[in-house]
Amino acid sequence: MALFLDSAFAADAREAMALGFVAGITTNPTLIAKVGRKPEDVIAELADICPGTVFYQLTAPTVAERETEARRMLALRPNVALKIAMTTENLTLAAKFAAEGILVGMTATYSPAQTYLTCEAGVAYSIAYVNRSTRLQGDGLALVSEMREIVDACNKPTTILVASLKSAQEVVQAVIAGAHHVTLPLPLLMEMGNHPLSEQTIEEFARSVKQA
């Protein structure tokens, strides 16, 4: 299981990597747009900061152009991987890359059927948006659970990466539902390590030390 940072900001990447347990970085077109720089420059910088996998999501309008875009981005650094939006034609492209040993994640997955095809295509990651799926379909956690059942039944190397997580509780519920990996924005990642009762206990211990 791996924990990823969901951000395109270099400052976020440095802070997350300093924690010592964040495995990689996921980005998407919206996150990269917020940085205000060329995607190539953003991904190259993130890949230099992060020793693990850095995902770039393809945006070109046609399959042929997406393949050209992918190969351009993959050439930037050896730890760059691809996110490709889940469609049947994109799955064919993803299978081609997967056969070459390239890490690919099919993103915007909204059904177990899509995960099944991802498994059959030999693609490494089936990526679901949990909170967004709950808002649009009713139960994002149920989707994760069904995706996990499909992956286990297929007995293929595909794993489930979940995004669109808005609270610590939602993260935990997604893991319990069967997610292999999660990706989180930096504020949520930092928040999860803290708890008011932990702080209270630490303060109590500190007072005991002073009184000793």
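The values are calculated or read from the model by the stated rules, or taken from the named source; none is laboratory data. Since the model is a prediction, treat every value here as computed from it, not as a measurement. Don't worry about glycine lacking a Cβ; one is built from the backbone with ideal geometry, like all the others, and counts go over all protein chains shown.
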Return the total of residues in the range 81-101 being under 16 Å from the mean Cα position of the chain (by Cα), β-branched (V, I, T) and surrounded by fewer than 21 Cβ atoms within 10 Å (Cβ to Cβ). 0
Residue check for I84: at pLDDT 95 or above and in contact with a strand residue (DSSP E or B) (Cβ under 8 Å, 6 or more places away or on another chain): yes
Can you tell me which of (1) aliphatic (A, V, I, L, M); (2) closer than 30 Å to A75 by Cβ; (3) surrounded by fewer than 20 Cβ atoms within 10 Å (Cβ to Cβ) is the one I127 doesn't meet? (3)
Can you confirm whether T201 is part of a helix (DSSP H, G or I), at pLDDT below 95 and not charged (D, E, K, R)? yes
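Just to check your reading of the model, which residue among A75, A64, A60 is among the aliphatic types (A, V, I, L, M), more than 29 Å from A113 (Cβ to Cβ), out of contact with any strand residue (DSSP E or B) (no Cβ under 7 Å at 6 or more places or on another chain) and exposed (fewer than 14 other Cβ atoms within 10 Å of the Cβ)?
Of the residues listed, the single one that is among the aliphatic types (A, V, I, L, M), more than 29 Å from A113 (Cβ to Cβ), out of contact with any strand residue (DSSP E or B) (no Cβ under 7 Å at 6 or more places or on another chain) and exposed (fewer than 14 other Cβ atoms within 10 Å of the Cβ) is A75.
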Could you give me the residue pairs with C-beta distances under 8 Å whose first residue belongs to the range 1-23 and is in contact (Cβ under 8 Å) with a residue 24 or more places away in the chain and under 11 Å from V35 (Cα atoms), whose second residue is hydrophobic (A, V, I, L, M, F, W, C) and assigned to a loop (DSSP other than H, G, I, E, B) wherever it lies, and which are 6+ apart or on separate chains? none
Filter the range 41-54 down to residues that are more than 18 Å from I102 (Cα to Cα) and not hydrophobic (A, V, I, L, M, F, W, C) and give me whichever is farthest from the chain's Cα centre (by Cα). D41
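Conditions tested, residue by residue: (1) over 23 Å from Y129 (Cα atoms); (2) modelled with pLDDT under 95; (3) acidic (D, E); (4) surrounded by 14 or more Cβ atoms within 10 Å (Cβ to Cβ).
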{"position": "M1", "(1), (2), (3), (4)": "no, yes, no, no"}
{"position": "A13", "(1), (2), (3), (4)": "no, no, no, yes"}
{"position": "T30", "(1), (2), (3), (4)": "no, no, no, no"}
{"position": "I49", "(1), (2), (3), (4)": "yes, no, no, yes"}
Could you count how many residues in the range 112-166 are assigned to a strand (DSSP E or B) and either touching a residue at least 40 places away in the same chain (Cβ under 8 Å) or under 17 Å from A94 (Cα atoms) (or both)? 8
Inspect the range 180-195 for any residue being surrounded by 13 or more Cβ atoms within 10 Å (Cβ to Cβ), of a type in the set (D, E, K, R) and part of a loop (DSSP other than H, G, I, E, B) and give the result as yes or no. no
Residue check: is E146 under 17 Å from S111 (Cβ atoms) and charged (D, E, K, R)? yes
